[in-house]
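The values are calculated or read from the model by the stated rules, or taken from the named source; none is laboratory data. Remember, it's a predicted structure, so these values are computed and weren't measured experimentally. Cβ coordinates were reconstructed from backbone atoms using ideal geometry, including for glycine residues, and neighbour counts include every protein chain displayed.
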């Protein structure tokens, strides 16, 4: 796989395959193409060369079917400021084909440490709390492949620990997680791989 | 799913009422300036009324088009929508329906009231209402293509106008033409049929084109 943005070749000759239960930590200096790689893997961006295959089939050919197996969380939250946490969670899940009740959404946000703030408009929440609302989707989405881009920024220690346990559980269930982060992120279980992009 | 996207956009519009109201006020003010500027010459006012109301409706929808995808683009919800296992044209259609309900329907409802300033008869006001009701979906549909293509560009507001206003010309001709026919005392039927045909045509193609435009804009 290779990626070109503008005139710059970010990476080329990249080739890897992942098995269920794998965790990949994606590192590299700013501008090395971490976000571009994740956007290629989730299908938002077309690779300049090569292709992404899911269970042997090109994701471009799988189309919408692929999106039932992958969840991408970018550094933009994907949270509507005017909507409350519950509304954000319910709507984004409904659009992903998983309708959840208001009680379920409230419980999930409680797990994410937002108890008592579920019905506040997201614009009143802090940066870290909005990130928690976005991450709450991971609990209910039920997808196999998680692509997380710089999701740990502005999260406190407790939240990072929570995400770590979520990912560990996900891997134990045969899921795959690819996380781009600058922070040290150690998992207790699962097979951990590192992918370092250079400039 | 379609229900959810329309519902979502309606809630968002309700929580940002000021945006919707500013479009309506713009429409009211532009239409009202003409009788004030021209003076109480009933004959002249009556003959320019169809064109004035229709052109004002086109300009007012320009104001709201820029917001159709731009807000969702900025906070990242649009890229999440592209990653849902739903056909993108359905999502786009949902947003178009919501835009029509929020930005166009108020104009359609208030237009007959404004038409009274121009001394239009009751039958003509009814025709004005009918042509707007049939024609405004086209404004949202064609506008969505322009909004999708100019997403994330600098000065996209002006660019949308340049891109989309020429495409509105057929709607303007048949919409205003229908009202004019009614003023002249002839039947506006043919105009209304043609408006309906344009609506169906753009309903068929615009969501696809807008979906393709979004994919390009988000790469």
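On the stretch given as segment A:79-91, residues that are in contact (Cβ under 8 Å) with a residue 40 or more places away in the chain and crowded, with 22+ Cβ neighbours inside 10 Å total 5. Would you say residue A:72 is under 21 Å from residue B:90 (Cβ atoms), in contact with a strand residue (DSSP E or B) (Cβ under 7 Å, 6 or more places away or on another chain) and at pLDDT 90 or above? Judged against the criteria, residue A:72 is a match. Determine whether residue A:18 is at pLDDT 85 or above and either within 14 Å of chain B (Cβ to nearest Cβ) or within 19 Å of residue A:3 (Cα to Cα) (or both). Taking the combined requirement at face value, the residue does not satisfy it.
Once segment B:53-85 is narrowed to residues that are in a loop (DSSP other than H, G, I, E, B) and touching a helix residue (DSSP H, G or I) at 6+ places or on another chain (Cβ under 7 Å), the residue that is farthest from residue A:44 (Cα to Cα) is B:66.
For segment B:47-64, which positions are surrounded by 20 or more Cβ atoms within 10 Å (Cβ to Cβ) and under 30 Å from residue B:156 (Cβ atoms)? Write out each step before concluding.
Of all residues in segment B:47-64, those surrounded by 20 or more Cβ atoms within 10 Å (Cβ to Cβ) come to B:49-50, B:52-54, B:56-58, B:60-62, B:64.
B:52, B:53, B:54, B:56, B:57, B:58, B:60, B:61, B:62, B:64 - these are the residues of segment B:47-64 that are surrounded by 20 or more Cβ atoms within 10 Å (Cβ to Cβ) and under 30 Å from residue B:156 (Cβ atoms).
Every test in (1) crowded, with 17+ Cβ neighbours inside 10 Å; (2) in contact with a helix residue (DSSP H, G or I) (Cβ under 7 Å, 6 or more places away or on another chain) is passed by residue B:44 save one, and that test is (1). Could you tell me whether residue A:73 is more than 10 Å from every other protein chain (Cβ to nearest Cβ), touching a residue at least 40 places away in the same chain (Cβ under 8 Å) and surrounded by 16 or more Cβ atoms within 10 Å (Cβ to Cβ)? No. Go through segment A:32-65 and count every residue that is in contact with a strand residue (DSSP E or B) (Cβ under 8 Å, 6 or more places away or on another chain) and either in a loop (DSSP other than H, G, I, E, B) or within 8 Å of another protein chain (Cβ to nearest Cβ) (or both). Total meeting the criteria: 11.
Condition test on residue A:123, is it within 21 Å of residue A:93 (Cα to Cα) and either surrounded by fewer than 17 Cβ atoms within 10 Å (Cβ to Cβ) or assigned by TED's automatic domain parsing to the domain that holds residue A:91 (or both)? Give the steps one after another, and end with the answer.
Details: within 21 Å of residue A:93 (Cα to Cα): yes; either surrounded by fewer than 17 Cβ atoms within 10 Å (Cβ to Cβ) or assigned by TED's automatic domain parsing to the domain that holds residue A:91 (or both): yes.
Against the criterion (within 21 Å of residue A:93 (Cα to Cα) and either surrounded by fewer than 17 Cβ atoms within 10 Å (Cβ to Cβ) or assigned by TED's automatic domain parsing to the domain that holds residue A:91 (or both)), residue A:123 qualifies.
Is it the case that residue A:133 is more than 23 Å from residue A:18 (Cα to Cα) and surrounded by 15 or more Cβ atoms within 10 Å (Cβ to Cβ)? So residue A:133 passes the test. Would you confirm whether or not segment A:4-11 contains a residue that is in a loop (DSSP other than H, G, I, E, B), more than 16 Å from the chain's Cα centre (by Cα) and within 22 Å of residue B:73 (Cα to Cα)? So far as segment A:4-11 goes, yes, one or more of its residues are in a loop (DSSP other than H, G, I, E, B), more than 16 Å from the chain's Cα centre (by Cα) and within 22 Å of residue B:73 (Cα to Cα).
Every residue, every condition in (1) surrounded by fewer than 16 Cβ atoms within 10 Å (Cβ to Cβ); (2) under 16 Å from residue B:79 (Cα atoms); (3) outside the structural domain of residue A:131 (by TED's automatic domain parsing); (4) modelled with pLDDT of 90 or more, yes or no:
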position	(1), (2), (3), (4)
A:50	yes, no, yes, no
A:58	yes, no, yes, no
A:93	no, yes, no, no
A:96	no, yes, no, no
A:99	yes, no, no, no
A:111	yes, no, no, no
A:114	no, no, no, no
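Picking from B:22, B:32, which residue would you name as being part of a helix (DSSP H, G or I) and more than 25 Å from residue A:81 (Cα to Cα)? Walk me through how you get there before you give the answer.
Values: B:22 fails: more than 25 Å from residue A:81 (Cα to Cα).
Among B:22, B:32, only B:32 is part of a helix (DSSP H, G or I) and more than 25 Å from residue A:81 (Cα to Cα).
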